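> Here it is: the structure, laid out below.
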Amino acid sequence: MENSPVVNIIEGDFVLISRYVYDIQITSSEWIRIRTPYILIIRSDIMKVQLLDLREQYKTFRDELLPKIDKLLYSQQFILGSPVERLEAEIASYCGVEYGIGVASGSDALLLSLMAAGIGPGDEVITTPYTFFATASAVVRLGARPVFADIDPASCNIHPSAVEEKITDRTRAVLPVHLYGRMADMDPILKIAARRNLLVIEDAAQAIGAEYKGSPAGSLGDTGCLSFFPSKNLGGFGDGGMVVTNRLDLADRIRMLRGHGMSPKYVHKLVGINSRLDALQAVVLSVKLKHLNTWQERRKENAGRYSRLFRHTDLLQDQTVVLPAEIHDDKDGNIHVYNQYVIRAQDRDGLRAYLETQGIGTEIYYPIPLHLQECFSFLGYGAGDFPESERAAKETLALPVYPELTPEMQAYVVDRINAFYRGG
């Protein structure tokens, strides 16, 4: 009985005996030792499990943050300034690079990186069709052409061999996306780029803290582009982003471009844009950065728990459900930070609708690949051109994985998924 879980049966609850879930301990005032590891307490009503709930996280840093915000409000200095400079240095250090340039959003980080690199009409940039819209829209806004290359189905990241096939005399850059918190396979991409004299711009919007063979996301390309959208692992209280780089020439140019191409004041050497990170967001992000490693570890723990829970069903055996590859902290120095925990599921849309009735939040990242978006029809792509991206768009589903998610919530999620497919 030494390894038996400890559970408490609370009046008004019912006990579900199941071989599908374990890995959970519920504590309360009265303790009962159970010999089997397959017992779970579930409330008789539907459990509410949101896709993301930031309120509990806020409680952990609220007392530290509010005095700093109050100090900033008294200063009445809200644009750039010392809070932004401090965050730029902190994020650069965290990402293992020399320079950080705070900008208004992750979308602008991409746009400004491309602008600083001189990308424009007639140029081609190779990227993935299975990503957020901003990856390709930044290219199009500059008059350049996004050239799509299909994904590796195991990672949902751009496939290096597909990149090489798409290179032409007009190719200027490769824009790999580190989707869901897992870095793309960068070694072959970097080798291709070096051999063909191409820039590499990393879309690391979902991947701060991820590593590829020991190198942090954003540190391997000419620039790395981060997003601080509130739902990101390091999220602000509004929009925000940053470009990280080891190239002083690009850092200086991006700093100038983010402020209308102005340097010094009222002297415009370039036609830039207005894209500056607010001091308020910098204050928030500096406080939250201190907690980021802890939050990342909890996300990885939650991902591991999902794997254990799913293995106690038969859903994996016939690939009714396919889990993301477990690569975090592996022997090669690869770290997945699980900005999203994304499974592949048969009858994905039916499953999602059912989980909604059970109080479980999910999301589809992304239901329409970019090559099939109406606004990109001028590129000439059609259905079937990128089969792996199209298949992922039909099969993938993100489950809750945020740091404050409890083991009880995860067990409920897996149990409800099993119920959808197997009944119960």
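The values are calculated or read from the model by the stated rules, or taken from the named source; none is laboratory data. Note that the structure is a prediction, hence the values are computed from the model and not measured. Reconstructed Cβ throughout: ideal geometry from the backbone, glycine too, with neighbour counts over all protein chains shown.
> Within the stretch 317-335, restricting attention to residues that are in contact with a Phe, Trp or Tyr (Cβ under 8 Å, 6 or more places away or on another chain) and modelled with pLDDT of 95 or more, which residue is surrounded by the most Cβ atoms within 10 Å (Cβ to Cβ)?
If we take residues in the stretch 317-335 being in contact with a Phe, Trp or Tyr (Cβ under 8 Å, 6 or more places away or on another chain) and modelled with pLDDT of 95 or more, then 321 is surrounded by the most Cβ atoms within 10 Å (Cβ to Cβ).
> Go through the residues of the stretch 60-78 one by one and say whether even a single one is in a helix (DSSP H, G or I), more than 26 Å from the chain's Cα centre (by Cα), among the hydroxyl-bearing types (Ser, Thr, Tyr) and surrounded by fewer than 23 Cβ atoms within 10 Å (Cβ to Cβ).
yes
> Same structure, new question: Residue 200 passes all but one of (1) without any contact (Cβ under 8 Å) to a residue 60 or more places away in the chain; (2) at positive phi; which number fails?
(2)
Conditions (1) of a type in the set (Ser, Thr, Tyr); (2) modelled with pLDDT under 95; (3) over 18 Å from residue 136 (Cα atoms); (4) buried (at least 20 other Cβ atoms within 10 Å of the Cβ), marked per residue:
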| site | (1), (2), (3), (4) |
| --- | --- |
| 381 | yes, no, no, no |
| 385 | no, no, no, no |
| 391 | no, no, yes, no |
| 395 | no, no, yes, no |
| 400 | no, no, yes, yes |
| 404 | no, no, yes, no |
| 412 | yes, no, yes, yes |
| 416 | no, no, yes, yes |
| 421 | yes, no, yes, no |
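> Part of a loop (DSSP other than H, G, I, E, B) and surrounded by fewer than 20 Cβ atoms within 10 Å (Cβ to Cβ): is that true of residue 188 in this structure?
When the stated conditions are applied, residue 188 does not pass them.
> I'm trying to understand the selection: among the residues of the stretch 114-130, which are under 24 Å from residue 368 (Cα atoms), under 25 Å from the mean Cα position of the chain (by Cα) and not in a loop (DSSP other than H, G, I, E, B)?
Within the stretch 114-130, 125, 126, 127 meet the criteria.
> Looking at the stretch 368-379, is at least one residue under 30 Å from residue 214 (Cα atoms), in contact (Cβ under 8 Å) with a residue 60 or more places away in the chain and either of a type in the set (A, V, I, L, M) or surrounded by 18 or more Cβ atoms within 10 Å (Cβ to Cβ) (or both)?
Among the residues of the stretch 368-379, not one is under 30 Å from residue 214 (Cα atoms), in contact (Cβ under 8 Å) with a residue 60 or more places away in the chain and either of a type in the set (A, V, I, L, M) or surrounded by 18 or more Cβ atoms within 10 Å (Cβ to Cβ) (or both), which makes the answer no.
> Which is modelled with pLDDT under 95, in contact with a Ser or Thr (Cβ under 6 Å, 6 or more places away or on another chain) and among the charged types (D, E, K, R), of 33, 43?
33
> Let me ask you something else. Just one of the numbered conditions (1) assigned to a helix (DSSP H, G or I); (2) in contact with a strand residue (DSSP E or B) (Cβ under 9 Å, 6 or more places away or on another chain); (3) charged (D, E, K, R) is not true of residue 390; which one?
With respect to (1) assigned to a helix (DSSP H, G or I); (2) in contact with a strand residue (DSSP E or B) (Cβ under 9 Å, 6 or more places away or on another chain); (3) charged (D, E, K, R), residue 390 is out only on (2).
> Which residues, counting only those in the stretch 265-283, are touching a residue at least 60 places away in the same chain (Cβ under 8 Å) and assigned to a loop (DSSP other than H, G, I, E, B)?
272, 273, 275, 276, 277
> Restricted to the stretch 191-223, and to residues that are in contact with a Lys or Arg (Cβ under 9 Å, 6 or more places away or on another chain) and small (Gly, Ala, Ser), which residue is farthest from residue 366 (Cα to Cα)?
210
> While we're on this one: Can you name every residue in the stretch 131-162 that is over 17 Å from the mean Cα position of the chain (by Cα) and among the β-branched types (Val, Ile, Thr)?
Residues satisfying the conditions are 139, 140, 147.
> What number of residues within the stretch 125-140 are within 21 Å of residue 192 (Cβ to Cβ) and either surrounded by fewer than 20 Cβ atoms within 10 Å (Cβ to Cβ) or without any contact (Cβ under 8 Å) to a residue 24 or more places away in the chain (or both)?
Number satisfying all stated conditions: 0.
> In the stretch 230-264, what residues are touching a residue at least 12 places away in the same chain (Cβ under 8 Å), in a loop (DSSP other than H, G, I, E, B) and of a type in the set (S, T, N, Q)?
If the condition is that a residue be touching a residue at least 12 places away in the same chain (Cβ under 8 Å), in a loop (DSSP other than H, G, I, E, B) and of a type in the set (S, T, N, Q), then 231, 233, 246 are the ones that fit.
> Name the single residue that is surrounded by the most Cβ atoms within 10 Å (Cβ to Cβ) among those in the stretch 336-362 being assigned to a strand (DSSP E or B) and not aliphatic (A, V, I, L, M).
So, considering only residues that are assigned to a strand (DSSP E or B) and not aliphatic (A, V, I, L, M), the one surrounded by the most Cβ atoms within 10 Å (Cβ to Cβ) is 341.
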